[in-house]
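Structure, as structure tokens:
The values are calculated or read from the model by the stated rules, or taken from the named source; none is laboratory data. Since the structure is predicted, the reported quantities are computational estimates derived from the model, not experimental observations. So basically every Cβ, Gly included, is an ideal-geometry build from the backbone, and we count neighbours across all protein chains shown. Just so you know, the surface numbers come from the protein's heavy atoms only, side chains and all, with ligands and any DNA or RNA stripped out. Shrake-Rupley method; radii C 1.70, N 1.55, O 1.52, S 1.80 Å.
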Amino acid sequence: MTRTVIITGASSGLGREAAKALAKGGADLAIVGRNPERTRAVADEVGGTAFVADFDRLDDVRSLSERLLERYPRIDVLANNAGGLVNPRGLTADGHERILQSNHLAPFLLTRLLLPRLIESQARVISTASVANLFGRVRLDDLDWAKRPWLGGWRQYGTSKIETILFIRELAKRTGLEAFSFHPGIVKTNFGADSPMWRMANVLTNGHYGISAAAGALPLIQLAGPSTVGVPSGTYFDQLKPNGLVVPQAKDDSLAAALWDRSSEIVGLPSAV
């Protein structure tokens, strides 16, 4: 049976590399991206279907879920890979801080809207997290990072990755689905292109800072493949190694439940699955 794999953030970087590898394995790929030309080019390259959506607009996410449900009667893997670092601080069309929305609220909403189909299909959900969780801190009273210094957005980015890890843990707990998050490594892509710190790292290393997108895609390729993962659902991987290092908040079950409830409220969904 052909496996259906949805990859967001697949128009470039590790999402594109994962799509190429999974296509070689025979997967039917939904290529989700914000840039229409790049998204369609990758879909053509891998023989998949392009879906254009801007995660700065939650209505785009809602429309995306409808199109995916119409197109795919079965979904085997949802890979929430879209997101990144934004500098300077800005707000989305929905009034939320952009890192929070692209890295957490949008994938949370997409997963929730697809959830009945995912459960019917006994799908696997994968989210791209980061070792940057180590310098984040979740505050439910300041998810939009309006009460704390911005500092280039790096701490909010790290916080969004704690939220990713918590979301995957809570998703596994509430639904029984296989769900995993992973750190791809320090990948040399367009990530953080507008960050002065990231630009400086590239200058100091003559452009050799970080691993290739192909190397960073390996955990996503493995987790999205047909093989049994062999670790408990909800596990966070550091590249290919399970149980990567996380801050204590990322293991807090009560915080995971509270974040789920608050996120549901923000995107206009009931907390109950």
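Counting only DSSP beta bridges with both residues in the chain, the antiparallel share comes to about 10 percent.
Let a ≥ b ≥ c be the square roots of the eigenvalues of the Cα gyration tensor of the stretch 98-137; is it rounded (a/c under 1.5), or, if not, prolate (a/b larger than b/c) or oblate? Cα axes put the stretch 98-137 in the oblate bin. The order of the peptides 210-223, 228-241 by mean Cβ neighbours within 10 Å, most packed first, is 210-223, 228-241. Could you please state, rounded to a whole Å, how far the C-alpha centre of the stretch 55-133 is from the C-alpha centre of the stretch 221-273? Computed from Cα coordinates, the inter-centre distance equals 14 Å. When all protein chains stay in place and ligands, DNA and RNA are ignored, the 1.4 Å accessible-area order of E97, E70, E178, largest first, is E70, E178, E97.
Fully extending the segment from R57 to R137 would add 26.3 nm, taking 0.36 nm per residue of separation and subtracting the current Cα-Cα distance. Ordered from highest to lowest accessible area with the whole protein assembly present and a 1.4 Å probe, R40, R16 read as R40, R16.
Between rounded, prolate and oblate, where does the chain land on the alpha carbon gyration tensor, with a ≥ b ≥ c its root eigenvalues, rounded for a/c under 1.5, else prolate if a/b exceeds b/c? Since a/c stays below 1.5, the shape of the chain is classed as rounded.
Taking the helices alone, the chain has a mean residue ellipticity at 222 nm of -12500 deg cm²/dmol, built from -39,500 (n - 2.57) per DSSP H run of at least 4 residues and averaged over all its residues. Surface analysis of the chain yields an accessible area of 43 Å² per residue, using protein heavy atoms and a 1.4 Å probe. At a 1.4 Å probe radius, carbon and sulfur cover how many percent of the accessible area of the stretch 1-101? Answer for the stretch 1-101: carbon and sulfur cover 44 percent of the accessible area.
Mark the label point 7 Å from the Cα of V231 along Cα→Cβ and return the residues of the stretch 119-138 whose backbone N is within less than 20 Å of it. 123-136, by backbone N distance to the label point.
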